Amino acid sequence: MNPFVNETHDAALRSWVEQANATGTDFPVQNLPFGAFKRRGSQGAPHIGVAIGDQVLDLAAALDAGCFTGAAAHAAALCRGPVLNPFLALGQPAWSALRLALSRLLRTGAGSTQPSADVAARILVPMRDAELLMPVAIGDYTDFYASVHHATNVGSMFRPDNPLLPNYKWVPIGYHGRASSVVVSGAPVRRPVGQVMPDGAAAPTVGPSARMDYELELGAIVGPGNALGAPIPIGEAAAHLFGFVLLNDWSARDIQAWEYQPLGPFLAKNFASTISPWVVTAEALAPYRTAAYARPAGDPAPLPYLTDATDQSLGAFGITLEVALRSATMRESGASPHVLSRSQATDLYWTVAQMLAHHASGGCNLQPGDLLGSGTISGATKESRGCLLELAWRGTEPVKLPAGEERRFLQDGDEVVMRAWCEREGSRRIGFGECLGTIVAATA
């Protein structure tokens, strides 16, 4: 039995927002992700909203219209600002209270608090009229390396005799990224300039990266967090995970190859990371929780501070992730993005709760709105590799695109589109929307 499932997950629920009932929609009434928006072309302040079908529910407008009471009203009141951080700090009971109130407000039938047509018109904004913005103020960003298939593939390129270093299966590996360069879906990504060491050269050169890559990841958004010096026990980690976004951790592989030893990623990773605008809550994902990655015989069991029975049985999420590419030539011809690969979040060697608990285990204080990246999510097959470095195998096996184009690494004008969704029998399909970025030329 899944203790995380409640009435808001009932697959039979339908919404009076008709598009929320459409087959294949990312945003049925069972999802209700949070984000920040403003009316397109407006000079007004951003609002916090909830995606429902092809509409955005304006939380401030709904609160002013008397749609919420009690704990839900208190939670909604902290969503009046431009970002979710004050709401994230409230914690799980407040998040659940507002989700339940939203579910009853937006559903039809028994238990519905459906508003009048006049109120409905005041609290909804068509998605096409909304400019989607950064949903949280990210104070800190940490990127993990939690896909064992990705780590093994990359390791075999550079250390064929020893792909995985000894610590990988004992400790969640991560590095501190750059929060200031995290951007929302749709923002252009400028090709970085950096120092590289060409093959056979005696000295490095400086210039635009020639080996630009994407990385298909999930990003976890932290809730209340912890005080400096106070660890978060693994059994309490789930209460600090508000929700998830798609994350494209863009990488300049040639800059990375030259700089990453001895201290790891730096300029190769700090020029941009793109997130999707809608935060799909951990509560919305409850029906898709599943057992943690099944470690092969001979692998070490997680140490006690990373072991919790509930997390081992329900700490992974059945999320399918997809990455597609559309070149400038494809856009000019009106072609759709070409799907490059699909992978599964269940292939992550470490659960997100383990990553969070490890992060805080030494006393590091996590704060509302912090972003934790999963690292590139790859599977065991070529069709499930989550970056071009793997998919084109360091440029030796070019990826074929429609109309005869091929890619070893990304070119200027390439548009990378990431999507993700959850499906299982007996539950309603929910999705994450798009995480999109287009490479533009380096600054001259």
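The values are calculated or read from the model by the stated rules, or taken from the named source; none is laboratory data. Since the structure is predicted, the reported quantities are computational estimates derived from the model, not experimental observations. Positions of Cβ are generated from backbone atoms using ideal geometry, with glycine treated the same way; all protein chains shown enter the neighbour counts.
What number of residues within segment 12-60 are of a type in the set (Gly, Ala, Ser) and within 24 Å of Ala72 (Cα to Cα)?
Residues flagged as of a type in the set (Gly, Ala, Ser) and within 24 Å of Ala72 (Cα to Cα) within segment 12-60 amount to 10.
Of these, Phe27, Phe37, Phe4, which one is in contact with a strand residue (DSSP E or B) (Cβ under 7 Å, 6 or more places away or on another chain) and within 17 Å of Val136 (Cα to Cα)?
Only one candidate qualifies: Phe37.
Within the set of pairs 6 or more residues apart or between chains, which connect a residue that is β-branched (Val, Ile, Thr) inside segment 409-428 to a residue that is in a loop (DSSP other than H, G, I, E, B) and surrounded by 16 or more Cβ atoms within 10 Å (Cβ to Cβ) with Cβ atoms less than 7 Å apart?
Val416/Tyr214; Val417/Pro337
So Ala335 clears everything in (1) over 21 Å from the mean Cα position of the chain (by Cα); (2) not in a loop (DSSP other than H, G, I, E, B) except one condition, right? Which one?
(2)
For segment 379-407, name all the residues that are free of Cβ contacts under 8 Å to residues at least 60 places away in the same chain and assigned to a loop (DSSP other than H, G, I, E, B).
Thr381, Ala392, Thr396, Glu397, Pro398
Right, Thr376: in contact (Cβ under 8 Å) with a residue 40 or more places away in the chain, in contact with a strand residue (DSSP E or B) (Cβ under 8 Å, 6 or more places away or on another chain), surrounded by 18 or more Cβ atoms within 10 Å (Cβ to Cβ) and assigned to a loop (DSSP other than H, G, I, E, B) or not?
So Thr376 fits the description; yes.
Among the residues of segment 216-225, is there at least one that is over 26 Å from Cys364 (Cα atoms), touching a residue at least 40 places away in the same chain (Cβ under 8 Å) and not charged (D, E, K, R)?
Checked segment 216-225: at least one residue is over 26 Å from Cys364 (Cα atoms), touching a residue at least 40 places away in the same chain (Cβ under 8 Å) and not charged (D, E, K, R).
Pairs only if they're at least six apart or on different chains, beta carbon under 9 angstrom, first in segment 62-74 and crowded, with 16+ Cβ neighbours inside 10 Å, second β-branched (Val, Ile, Thr) and assigned to a loop (DSSP other than H, G, I, E, B); list them, first residue then second.
Cys67/Thr113
Scanning segment 233-266 for residues that are part of a loop (DSSP other than H, G, I, E, B) and within 22 Å of the chain's Cα centre (by Cα), which turns out surrounded by the fewest Cβ atoms within 10 Å (Cβ to Cβ)?
The residue in question is Phe266.
Restricting attention to segment 309-322, does a residue exist that is assigned to a loop (DSSP other than H, G, I, E, B) and among the hydroxyl-bearing types (Ser, Thr, Tyr)?
No, the conditions are met nowhere in segment 309-322.
Which members of segment 267-280 meet the condition of being polar (S, T, N, Q) and either surrounded by fewer than 21 Cβ atoms within 10 Å (Cβ to Cβ) or assigned to a loop (DSSP other than H, G, I, E, B) (or both)?
Those that are polar (S, T, N, Q) and either surrounded by fewer than 21 Cβ atoms within 10 Å (Cβ to Cβ) or assigned to a loop (DSSP other than H, G, I, E, B) (or both): Asn270, Ser276.
Cβ-Cβ below 7 Å, separation at least six or inter-chain, first residue in segment 256-269 and touching a residue at least 60 places away in the same chain (Cβ under 8 Å) and under 16 Å from Asp213 (Cα atoms), second hydroxyl-bearing (Ser, Thr, Tyr) and surrounded by 18 or more Cβ atoms within 10 Å (Cβ to Cβ): which pairs?
Every condition considered, the pairs that remain are Ala268/Ser251; Lys269/Ser251.
Which numbered condition trips up Glu131, out of (1) buried (at least 21 other Cβ atoms within 10 Å of the Cβ); (2) assigned to a strand (DSSP E or B)?
Looking at each condition in turn, Glu131 falls short on (1).
Any chance you could count how many residues in segment 347-365 are in a loop (DSSP other than H, G, I, E, B) and out of contact with any Leu (no Cβ under 7 Å at 6 or more places or on another chain)?
Count: 5.
Here is a check on your reading of the model: is Thr346 at pLDDT below 95 and surrounded by fewer than 24 Cβ atoms within 10 Å (Cβ to Cβ)?
So Thr346 fails the test.
State all residues of segment 24-41 that are assigned to a loop (DSSP other than H, G, I, E, B), surrounded by 13 or more Cβ atoms within 10 Å (Cβ to Cβ) and either aromatic (Phe, Trp, Tyr) or more than 16 Å from the chain's Cα centre (by Cα) (or both); if no residue qualifies, say none.
Thr25, Phe27, Pro28, Val29, Gln30
Within segment 308-340, which residues are out of contact with any strand residue (DSSP E or B) (no Cβ under 6 Å at 6 or more places or on another chain) and within 15 Å of Gly404 (Cβ to Cβ)?
Within segment 308-340, Ser327, Ala328, Thr329, Met330, Glu332, Ser333, Ala335 qualify.
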